[in-house]
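A.B. asks: Take this structure, written in structure tokens, and hold onto it; I'll ask about it next.
The values are calculated or read from the model by the stated rules, or taken from the named source; none is laboratory data. All of these numbers come straight from a predicted model, not from anything done at the bench. Cβ: placed from backbone, ideal geometry, glycine included. Neighbour counts: every protein chain shown.
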Amino acid sequence: MTDGAASTGRARVFSGMQPSGAVHLGNLLGALTGWVTLQKDADCVYSIVDLHAITAPDDHDPALLRQRTLDLAAALLGVGVDPSRSTLFVQSHVREHAELAWLFNCVATFGELGRMPQFKDKSAGRDASVSVGLFDYPVLQTADILLYHATKVPVGEDQRHHIELARDIGQRFNHRFGEVFTLPTAILPPVAARVMDLQEPTRKMSKSASSEKGVVFVLDEPDAIAAKFRSAVTDSDGKVRVDRAAKPGVTNLLEILAATTSRTVEQAADEHAGSGYGALKTAVAEAVIPFLEPMRARSLELAADQAELERILADGAARAREVAAPTLERARLAMGLLPPA
Ligand code: AQP
């Protein structure tokens, strides 16, 4: 991988995913579909962001984290990340991420981090007991992105504020210390940028949801997927139409249907305008099951070969470091840190 994407004439893409649980339909439709598509034309750098996953100390189990890191590698490859085209690595294997995050900690402000909606959400009701890492999460994310001069960051809606913050921090750094960083923009999918929990359709589908009933995982068996859609919460209005505020459950089903059948939400809604909710749920399950099946099979196959996963990740880390190390060096020099003799 070359330093700036400009030298290859291709856009540089960065995105990350936490090994905080199994990959679900929200991760897939919100971000991973974009990861896979962008590989065709861009220089893509994808990271399993384990340093982010340890910011939620409530369920920090070291053995589980190691297993989830390997499982996520298998899942990312299984959904279509291609290591011969893209750089796939584990964040903690490239130490530059943590060091650049420290430099950015001295540029970011307490006020702007405190305003991040995801922090407010995840720390609600327990401000004093959350880790400093959770508060600082968007600064580490800024380092992740800016280390690689990424111009595009494919993410779901929930990450939009973090990407804007990354731009602000990068811009402030450049203004104070000279042009070192490229400013990124978020790329959101045209549909299903925020997939909602099937049981609580006003909450986003999440790996850390309190119940798995509303979360469809890529590795779920077809019967489990059908059962989850059958019991999806809708409303008592009985009409299939798009209205995120008044009909979050039905709208969510339509968005999932649209995203998995390459249609717009309006097309999906029109086609099911005369259907009952039961028929809509069946149609969504029948679209999602074959959509996920090849990814599930490939992920399981890859998960069985740990040595190969480790080889791919080691190769990815070496390639990532080729870009990350000189970027960090430039930032250190720009800030006036004395180079070691
Ligand atoms: N429900 C969602 N709809 C659309 N996109 C989503 N993403 C997550 N949930 C949805 C996108 O998936 C990418 C990876 O996210 P992450 O692993 O860094 O953590 P997250 O955003 O916090 O995702 P989760 O699943 O909710 O994990 P936990 O429970 O650990 O916090 C991001 O691009 C995100 O936008």
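Residue-by-condition table, conditions (1) buried (at least 21 other Cβ atoms within 10 Å of the Cβ); (2) closer than 20 Å to residue 90 by Cβ; (3) β-branched (Val, Ile, Thr); (4) away from the ligand (no atom under 16 Å from the Cβ):
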{"residue": "127", "(1), (2), (3), (4)": "no, no, no, yes"}
{"residue": "147", "(1), (2), (3), (4)": "yes, yes, no, yes"}
{"residue": "158", "(1), (2), (3), (4)": "no, no, no, no"}
{"residue": "161", "(1), (2), (3), (4)": "no, no, no, no"}
{"residue": "165", "(1), (2), (3), (4)": "no, no, no, no"}
{"residue": "174", "(1), (2), (3), (4)": "no, no, no, yes"}
{"residue": "179", "(1), (2), (3), (4)": "no, no, no, yes"}
{"residue": "197", "(1), (2), (3), (4)": "yes, no, no, no"}
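A.B. asks: Please go through the stretch 72-91 and give me each residue that is closer than 23 Å to residue 134 by Cα and either in contact with a Lys or Arg (Cβ under 9 Å, 6 or more places away or on another chain) or within 13 Å of the ligand (Cβ to nearest atom) (or both), ordered by number.
C.D. replies: Scanning the stretch 72-91 gives 72, 89, 91.
A.B. asks: Among the residues of the stretch 105-120, how many are out of contact with any helix residue (DSSP H, G or I) (no Cβ under 9 Å at 6 or more places or on another chain) and either within 16 Å of the ligand (Cβ to nearest atom) or of a type in the set (Phe, Trp, Tyr) (or both)?
C.D. replies: The number of residues fulfilling the criteria is 0.
A.B. asks: Being without any contact (Cβ under 8 Å) to a residue 12 or more places away in the chain and farther than 29 Å from residue 319 by Cα is the filter here, so list the residues in the stretch 121-174 that pass it.
C.D. replies: Selection gives 121, 124, 125, 126, 127, 128, 129, 130, 132.
A.B. asks: Can you run down the residue pairs with Cβ atoms below 8 Å, 6 or more apart or on separate chains, where the first is in the stretch 251-277 and in a helix (DSSP H, G or I) and the partner is at pLDDT below 95 and buried (at least 24 other Cβ atoms within 10 Å of the Cβ)?
C.D. replies: Sorted first by the residue in the stretch 251-277, then by its partner, the pairs are 255/192; 256/192; 258/192; 259/192.
A.B. asks: Do you know which residues across the stretch 13-45 are away from the ligand (no atom under 11 Å from the Cβ) and free of Cβ contacts under 8 Å to residues at least 60 places away in the same chain?
C.D. replies: Within the stretch 13-45, 36, 37, 39, 40, 41, 43, 44 qualify.
A.B. asks: Is it fair to say residue 6 is modelled with pLDDT under 95 and assigned to a helix (DSSP H, G or I)?
C.D. replies: yes
A.B. asks: If you don't mind, another one. Got a sec? Which of 180, 191 is among the hydrophobic types (A, V, I, L, M, F, W, C), more than 20 Å from the chain's Cα centre (by Cα) and assigned to a loop (DSSP other than H, G, I, E, B)?
C.D. replies: Matching residue, one of 180, 191: 180.
A.B. asks: Just checking, does the stretch 100-117 include any residue being within 17 Å of the chain's Cα centre (by Cα), modelled with pLDDT under 95 and under 23 Å from residue 28 (Cα atoms)?
C.D. replies: Scanning the stretch 100-117, I find at least one residue that is within 17 Å of the chain's Cα centre (by Cα), modelled with pLDDT under 95 and under 23 Å from residue 28 (Cα atoms), so the answer is yes.
A.B. asks: For the stretch 86-99, indicate whether the set of residues that are free of Cβ contacts under 8 Å to residues at least 60 places away in the same chain and not in a loop (DSSP other than H, G, I, E, B) is non-empty. Steps first, please.
C.D. replies: First pass over the stretch 86-99, keeping only residues free of Cβ contacts under 8 Å to residues at least 60 places away in the same chain: 86, 92, 95, 98.
So of that shortlist, the ones also not in a loop (DSSP other than H, G, I, E, B) come out as 92, 98.
Yes, the stretch 86-99 contains at least one residue that is free of Cβ contacts under 8 Å to residues at least 60 places away in the same chain and not in a loop (DSSP other than H, G, I, E, B).
A.B. asks: Can you say whether residue 186 is at pLDDT below 95, buried (at least 20 other Cβ atoms within 10 Å of the Cβ) and touching an Asp or Glu at 6+ places or on another chain (Cβ under 9 Å), as far as the supplied structure shows?
C.D. replies: no
A.B. asks: Just a yes or no: is a residue in the stretch 210-232 part of a loop (DSSP other than H, G, I, E, B), more than 13 Å from the ligand (Cβ to nearest atom), under 16 Å from residue 279 (Cα atoms) and modelled with pLDDT of 95 or more?
C.D. replies: yes
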